[in-house]
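Notes follow the structure.
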Amino acid sequence: MKSIGTEHESTLHRELKLRYALGGDTEIEQAGFVCDARDPQGRLVEIQTGGFGALKKKLPILAAREPVRLIHPVIVTKTIELFDVRGDLISRRKSPRRGSVWNLFDQMIYAPRLAELPNLCIEVLLLDAVERRVADGKGSWRRRGISVNDRSLERCRESVAFSGPADYRNILPFRRGEEFSSALLAEKAGIRLSLARKTLYVLSAIKAVKRLRREGRSWIYAINSRIG
């Protein structure tokens, strides 16, 4: 019998849950919620691969009671295995897309205030994964009917922890007093312009950066040196 919240759990999620529990408890019921695990230091662990909007109610309540680690897995290198409906391997290839720590802000934009919770540490876990797909004709039209069946862990690379606004500010490739735009951030960080805009939206919301003025259609920013 599956535990609460595990009915549609991916292999990747289950592997990470066990990894952070290190033989300890999983599926922890606390304050009316279920968390993925408790780590050896006694902290609650929540693993979230998607948007953080679903956590806006849950995490403030839990973090008000005890320390919480929010683990956000980001796939750096993905190997795609394609199977037919009989389970035979058709092909195996590397995806051209590569994730990075900046992908955190694709999700943080839905709940930027989580970064201000004093008892919450958000950790970006950079990893390589294998994605299993099945040519069953039931998947997205973008994948020409191919379904994503599962994801599993290939290897963990490193984790980057954020425990407050100063940690988020320190990710920026700029010095204090230097002015910058989202376009300049995108260029220096090697990320999409849309992701740079999300990043600065989040950092502005938590006062890690400050908006100085508009130049044309762009905001000009500077690091908020009063934090940290």
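Every read-out reported here was derived from the displayed coordinates using simple, explicitly stated rules and does not represent laboratory data. Nothing here was measured: the structure is a model prediction, and the numbers come from that model. We place every Cβ from the backbone using ideal geometry, glycine too, and count neighbours over all the protein chains shown.
Okay, here's what the table says:
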item: The range 188-228 versus the range 87-112: alpha-carbon centroid distance in Å; result: 24
item: Two-site label geometry, ARG142 and THR11: point separation in nm, points 7 Å out along Cα→Cβ; result: 2.4
item: Extension gain from LEU18 to SER163, taking 0.36 nm per residue of separation minus the Cα-Cα distance; result: 49.9 nm
item: Residue of THR26, THR77, THR11 that the Gaussian network model of the chain assigns the largest fluctuation, springs spanning Cα pairs under 10 Å; result: THR11
item: Those lysines that a straight Cα-Cα span of less than 26 Å connects to LYS57, excepting residues fewer than 8 apart in one chain; result: LYS2, LYS17, LYS198, LYS207
item: Helix-only CD estimate at 222 nm, as mean residue ellipticity for the chain, using -39500 (n - 2.57) per DSSP H run (n ≥ 4); result: -5500 deg cm²/dmol
item: Overall form of the chain per C-alpha gyration tensor (a/c, 1.5; a/b vs b/c); result: oblate
item: Qualifying trypsin sites (Lys or Arg not before Pro) for the range 120-200 [loop in DSSP, other Cβ within 10 Å: at most 15]; result: LYS138, ARG144, ARG175, ARG176, ARG192
item: Förster radius 41 Å - calculated FRET efficiency between CYS156 and LEU212 (Cβ-Cβ, nearest 0.05); result: 0.55
item: Cα gyration tensor category, rounded, prolate or oblate, for the range 180-227 with a/c compared to 1.5; result: oblate
item: At R0 = 30 Å, FRET efficiency that the Cβ-Cβ distance of ILE90 and TYR110 yields, to 0.05; result: 0.25
item: Per-residue Cβ neighbour rank within 10 angstrom, fewest leading, LYS17, LYS56; result: LYS56, LYS17
item: Sequence-distant aspartates and glutamates (8 or more away, or on other chains) whose Cα lies within less than 18 Å of LYS56; result: GLU29, ASP36, GLU46, GLU66, ASP106, GLU116, GLU123
item: DSSP beta bridges in the chain [antiparallel fraction, %, rounded to 5]; result: 65
item: Extension gain from GLU178 to ASP25, taking 0.36 nm per residue of separation minus the Cα-Cα distance; result: 50.4 nm
